Amino acid sequence: QVQLVESGGGLVRPGGSLRLSCAASGTIFSINAMRWYRQAPGKQRELVAAITSGSSTNYAGSVRGRFTISRDNAKNTVYLQMNSLRPENEDVYYCNADILVRRYSGSTNYWGQGTQVTVSS
């Protein structure tokens, strides 16, 4: 059984910073891509940032230059450093990862439970 557990969300003032973490646990052989999504009430989830197993990164245009995705493969953890936060960044943020549970298995996509980011003065 694989779980993704996010942490680090909370309330921050406009212009402030937060660092989200997502740790994968359980039976894990390896992790391919890891991603952060955001979702507003009543809307579809949107990709915020992604990072491959080789640490190549991709960002949504609205966060490029302000957010940084990184990973620690030894800890099976992905991070999202969010700087210069704006009210429009307020959402629930979800971690997502493609995980192999055995050496020759295909990868399975997993989601975390989400963490709320609130940007308000």
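The values are calculated or read from the model by the stated rules, or taken from the named source; none is laboratory data. None of these values were measured; they are calculated from a predicted model. Counting neighbours? That spans all protein chains shown, and the Cβs are built from the backbone with ideal geometry, glycine included. When the accessible area is computed, the model is the full protein with side chains, heavy atoms only, and any ligands, DNA or RNA have been set aside. Shrake-Rupley method; radii C 1.70, N 1.55, O 1.52, S 1.80 Å.
In the context of the full protein assembly, LEU47 retains an accessible surface of approximately 70 Å², using a probe radius of 1.4 Å and ignoring ligands and nucleic acids.
Taking θ = phi - 60°, what integer Hz values does the Karplus form 6.51 cos²θ - 1.76 cosθ + 1.60 yield along the stretch 104-115, in sequence order, with x for Gly and Pro? Per residue, the Karplus-derived 3J(HN,Hα) values read 10, 7, x, 7, 10, 8, 10, 10, x, 8, x, 9 Hz.
Compared with the direct C-alpha span, the chain from SER30 to SER107 gains 26.8 nm at full extension, assuming 0.36 nm per residue.
Counting only protein heavy atoms and using a 1.4 Å probe, what share of the accessible area of the chain belongs to carbon plus sulfur, as a whole percent?
Details: 2890 of 6470 Å².
Carbon with sulfur: 45 percent of the solvent-accessible area.
The separation of the stretch 1-23 from the stretch 48-121, counted between C-alpha centres, amounts to 9 Å.
Averaged per residue, what accessible surface does the chain expose to a 1.4 Å probe, in Å²? Don't jump to the answer; show the numbers that get you there.
Numbers: 6470 Å² over 121 residues.
Per-residue accessible area for the chain comes out at 53 Å².
In terms of its C-alpha gyration tensor, the stretch 48-96 has a prolate overall shape, because the principal axis ratio a/c (a ≥ b ≥ c, square roots of the eigenvalues) is not below 1.5 and a/b outweighs b/c. When only Cα pairs below 8 angstrom with a gap of at least 6 residues are kept, the stretch 30-121 shows a relative contact order of 29 percent.
For an R0 of 41 angstrom, estimate the FRET efficiency from the Cβ-Cβ distance between GLN44 and ARG19 and round to the nearest 0.05.
Working: r = 25 Å, r/R0 = 0.62.
Between GLN44 and ARG19 the formula returns 0.95.
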